[in-house]
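All remarks here apply to the structure that follows.
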Amino acid sequence: MSIVPTTITAHPGERRDPGTVSTRERDLDCSSNPVQGAASALDPDFRRDERRWGGASTRRFAAIALLIGGGLIAVQAAWIPAKAQVAQVLMNGAWERQLATGDPARPWPWADFTPAARLEFPSLNRSVLAVTDAGGEGMAFGPIQMAAAVEPGERGVAVFAAHRDTHFAFLGELKTGDAVIVETPEGPRRFRVTGSEVVSWDRSGIVAHDGGTPRIALTTCWPLDAKTPGPMRYVVWAEAA
């Protein structure tokens, strides 16, 4: 990125003394702040004291700000996976009630979703509850079963999407041939991983209602270890076993 020099000129009618600097120029000059500007007009002894005490105060303030900022980032980083885990515990209770009664059960009263299916990965000794696609923020609490796709076991593709740093953090560990069991209120459906690919979000190649062999697509953001959003997606494909 190139830096273009800025020339400050007097406004029409403005009388300028070559030795003075206008308030507008001070506003444009990042290195000029009121404290430093005021001290520069004082005697040398005061300026030495100001540099000594003001500099120390600035450093202390910066250190405190960094500590607070770092603490907030750490709390936020810990809160996201903690929230995801707590939500799964609450959803497990709702899932059990749902299986017992046959009626959708919310994990908490204000939730805009209900458990949709349990995804089990025997080779990784993992399982996770997916939630219905209600158009809210359900993905913060579990994989979303995309409403626009088919139901697991139907002809076509059932799609589950989740975050790469929480519920699908292990997706890259799945290998061809691994089993994936999708338990729904209607019973379990067994699938076997056939492969994986990296695609653009708008060119995923997922055609849910293609009438083909029952399949599932498990998708999350790519790269799997990235911290910022991007346009690429990682998709694991599995067919009915």
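The values are calculated or read from the model by the stated rules, or taken from the named source; none is laboratory data. The structure presented is a predicted model; accordingly, all values stated were derived computationally and were not measured. Cβ atoms come from the backbone with ideal geometry, glycine included; neighbour counts cover every protein chain shown.
Summary of computed values
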{"item": "Filter result for the condition that a residue is in contact with a Gly (Cβ under 7 Å, 6 or more places away or on another chain) and among the charged types (D, E, K, R), over Arg203, Arg189, Arg164", "result": "Arg189"}
{"item": "Residues of region 121-131 classified as in contact with an Asp or Glu (Cβ under 9 Å, 6 or more places away or on another chain) and surrounded by 16 or more Cβ atoms within 10 Å (Cβ to Cβ), total", "result": "2"}
{"item": "Filtered residue count, region 152-182, keeping only those that are aromatic (Phe, Trp, Tyr) and either in contact with a helix residue (DSSP H, G or I) (Cβ under 7 Å, 6 or more places away or on another chain) or surrounded by fewer than 21 Cβ atoms within 10 Å (Cβ to Cβ) (or both)", "result": "1"}
{"item": "Count of residues meeting criterion [farther than 21 Å from Arg190 by Cβ and exposed (fewer than 14 other Cβ atoms within 10 Å of the Cβ)] in region 204-231", "result": "11"}
{"item": "Filtered residues of region 150-182 (kept if closer than 20 Å to Pro214 by Cβ and among the polar types (S, T, N, Q))", "result": "Thr176"}
{"item": "Residue tally, condition in contact with a Phe, Trp or Tyr (Cβ under 8 Å, 6 or more places away or on another chain) and either of a type in the set (Asp, Glu) or over 24 Å from Val131 (Cβ atoms) (or both), over region 170-214", "result": "5"}
{"item": "Flag for Ala140 being closer than 27 Å to Gly102 by Cα and surrounded by fewer than 14 Cβ atoms within 10 Å (Cβ to Cβ)", "result": "no"}
{"item": "All positions within region 225-240 that are of a type in the set (Ser, Thr, Tyr) and within 12 Å of the chain's Cα centre (by Cα)", "result": "Thr228"}
{"item": "Pairs where the first residue, in region 88-99, is farther than 19 Å from Phe168 by Cα and the second is among the β-branched types (Val, Ile, Thr), C-beta under 8 Å, 6+ apart", "result": "Ala94/Thr114; Gln98/Thr114"}
{"item": "Given (1) of a type outside the set (Lys, Arg); (2) at pLDDT 95 or above; (3) more than 13 Å from Gln145 (Cβ to Cβ), number of the condition Val128 does not satisfy", "result": "(3)"}
{"item": "Index of the failed condition, Ala179 passing every other in (1) touching a Lys or Arg at 6+ places or on another chain (Cβ under 8 Å); (2) over 26 Å from Ala87 (Cβ atoms); (3) not charged (D, E, K, R)", "result": "(2)"}
{"item": "Qualifying positions in region 187-203 - surrounded by fewer than 12 Cβ atoms within 10 Å (Cβ to Cβ) and under 24 Å from Ala116 (Cβ atoms)", "result": "Gly187"}
